[in-house]
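Okay, so here's the structure we're looking at.
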């Protein structure tokens, strides 16, 4: 089998102690802020609805449930509050899976969801004061957008929207519960600070945890939602320590921070999975922007173990990129290895933006093997300043036939390589 491994060091440069310490600072204060931002709203069903677009009727269906009967394909409702207590339910009777309902909270109180939200179509929940899905929350919808950034109702209902932080600031979005979208659907959690310690499933669709002050979202196109952080937030943070599954689809964790005192803006120590299915590869995209650090200690799984399925795409980008602990990045595939980019693309040539520093710890594994047949994949680790690589990387060809893949480990100014 043929293959290629490139380990490059272009110029030596000393490594400062302050730089070595740069990956973990600033995280705990942000977590505390995330927890405090939401407050403790009273447990109750949503109150004081006003239908501002489309045709919908809100009615009670018993003491612990609320039903929205929607006659039009698109509707928008303003609420004074939108909370759901444990054992309570809000059900959207929409006319089809293509229907949309925009729910906007007008009072300055965060939303706490501890019960059930169900809908065949898309549900938007917009509340600048904050949104939390508690441990007992169950969301079963076609698609969900929960945002503390605001966007116009008309934009939301067209499928393309620009979300902006509220003038008084935007609260946090946190999921501790269970959120499930229909096949091909999406779950988008958008705010200045976003965290998931629960579970999110979007089979064949998109999961997005997006932190910034201005975010553009395209809900249409190829069926996979695309996000762009247009303006960074002062204390942006995305934390993922739960379970995310988007087999045959896409997972995007993106954050943009403008505060140089806040280092880690994207922290992943849970499981993110977008495995390939039916010859369709998955994609996992982590991006801390050009000024933020990304720290991964969990699992990123874009493998393609189904028959005749190749490995998917993994990209981990930021100013500083750290793979630590027992982090595992898997883009192996039955019919060929996929692509793994850590810090940048081949020789820093883009189009992805390059990391300044990249670190891969000794307990880290990166796998882009062809499992049965086909060629091994492509693995790049790049940084414009320094790269420290102590982990294990593999891009073998298939046992039943296929060439080895390509591996590059490069530091433009300085490289330390003691991996395998």
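Got a sec? Which of 246, 211, 233 is buried (at least 24 other Cβ atoms within 10 Å of the Cβ), modelled with pLDDT under 90 and within 25 Å of residue 322 (Cα to Cα)?
233
May I ask you to verify whether residue 289 is in contact with a strand residue (DSSP E or B) (Cβ under 8 Å, 6 or more places away or on another chain) and surrounded by fewer than 24 Cβ atoms within 10 Å (Cβ to Cβ)?
Criteria met by residue 289.
Say whether the condition of being buried (at least 20 other Cβ atoms within 10 Å of the Cβ), modelled with pLDDT under 95 and either out of contact with any helix residue (DSSP H, G or I) (no Cβ under 9 Å at 6 or more places or on another chain) or under 23 Å from residue 356 (Cβ atoms) (or both) is met by at least one residue in region 194-203.
Checked against the condition, which is being buried (at least 20 other Cβ atoms within 10 Å of the Cβ), modelled with pLDDT under 95 and either out of contact with any helix residue (DSSP H, G or I) (no Cβ under 9 Å at 6 or more places or on another chain) or under 23 Å from residue 356 (Cβ atoms) (or both), region 194-203 yields no hits at all.
Only one of (1) free of Cβ contacts under 8 Å to residues at least 60 places away in the same chain; (2) within 28 Å of residue 71 (Cβ to Cβ) is not met by residue 157, so which one is it?
(1)
From (1) buried (at least 17 other Cβ atoms within 10 Å of the Cβ); (2) farther than 25 Å from residue 279 by Cα; (3) at pLDDT below 95, pick out the condition that doesn't hold for residue 219.
(2)
Sort out which residues of region 162-185 are crowded, with 24+ Cβ neighbours inside 10 Å and part of a strand (DSSP E or B), and write them in order of number.
Listed by number, the residues that qualify are 163, 172, 173, 174, 175, 179, 181.
Report yes if some residue within region 57-65 is within 26 Å of the chain's Cα centre (by Cα) and part of a strand (DSSP E or B); otherwise report no.
no
Pull up region 40-56, narrow it to residues that are surrounded by fewer than 13 Cβ atoms within 10 Å (Cβ to Cβ) and assigned to a loop (DSSP other than H, G, I, E, B), then point me to the one that is modelled with the highest pLDDT.
48
Yes or no: region 307-330 includes at least one residue that is closer than 23 Å to residue 248 by Cβ, touching a strand residue (DSSP E or B) at 6+ places or on another chain (Cβ under 9 Å) and touching a residue at least 40 places away in the same chain (Cβ under 8 Å).
Yes, some residue in region 307-330 is closer than 23 Å to residue 248 by Cβ, touching a strand residue (DSSP E or B) at 6+ places or on another chain (Cβ under 9 Å) and touching a residue at least 40 places away in the same chain (Cβ under 8 Å).
The values are calculated or read from the model by the stated rules, or taken from the named source; none is laboratory data. It should be emphasised that the depicted structure is a prediction, and the values quoted were computed from it without experimental measurement. Because the Cβ atoms are built from the backbone with ideal geometry, glycine has one as well, and the counts that use them run over all protein chains shown.
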